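One structure is given below, encoded as structure tokens.
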Amino acid sequence: MSIDVDPFSRFAQTETVSTEEGETFGKWVEPDVLVNELPEDAIRRYTTPSALEGRPDRISQVLYNTTHLDWLIVALNGTRDVLNWPRAGDVIKTLEPSLARDLIQ
């Protein structure tokens, strides 16, 4: 039985591994958009409004029409401590929406 992976998942390109206990994910394979150097026009700047403070999932919904790409926003900004991130007024990096759509197709 294989793991059903949502195409939006950060694990969409990661190989599954079978063990005696069941299936799991192998080493995470970063999507090309995080590995390759992006052209300058691929990165957008977004000023976090107070209504979306601490909610990368809701920012993803506003920008990409899905909450499932919150991991992309976190990864683009190199954020490790996501509790209460981003703060209102923070200018964060986001991916141009058409490139985000390409990522999940």
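The values are calculated or read from the model by the stated rules, or taken from the named source; none is laboratory data. Since we're looking at a predicted model, the values are computed, not measured. Because the Cβ atoms are built from the backbone with ideal geometry, glycine has one as well, and the counts that use them run over all protein chains shown.
Computed quantities for the displayed model
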{"item": "Whichever residue in the range 20-39 is part of a helix (DSSP H, G or I) and closer than 14 Å to residue 73 by Cα and, among such residues, is modelled with the highest pLDDT", "result": "34"}
{"item": "Test: residue 87 is farther than 18 Å from residue 9 by Cα and either in contact (Cβ under 8 Å) with a residue 24 or more places away in the chain or assigned to a helix (DSSP H, G or I) (or both)", "result": "yes"}
{"item": "Boolean, residue 10 is of a type in the set (Lys, Arg) and either farther than 15 Å from residue 100 by Cβ or at pLDDT 80 or above (or both)", "result": "no"}
{"item": "Tally, over the range 85-105, of residues that are among the polar types (S, T, N, Q) and surrounded by 13 or more Cβ atoms within 10 Å (Cβ to Cβ)", "result": "1"}
{"item": "Options 5, 17, 82; residue that is assigned to a loop (DSSP other than H, G, I, E, B), modelled with pLDDT under 90, out of contact with any helix residue (DSSP H, G or I) (no Cβ under 9 Å at 6 or more places or on another chain) and surrounded by 11 or more Cβ atoms within 10 Å (Cβ to Cβ)", "result": "5"}
{"item": "Condition broken by residue 75, with the remaining ones in (1) small (Gly, Ala, Ser); (2) within 21 Å of residue 9 (Cα to Cα); (3) without any contact (Cβ under 8 Å) to a residue 12 or more places away in the chain satisfied", "result": "(3)"}
{"item": "Output for the range 85-105, where each listed residue is modelled with pLDDT under 90 and among the aliphatic types (A, V, I, L, M)", "result": "99, 100, 103, 104"}
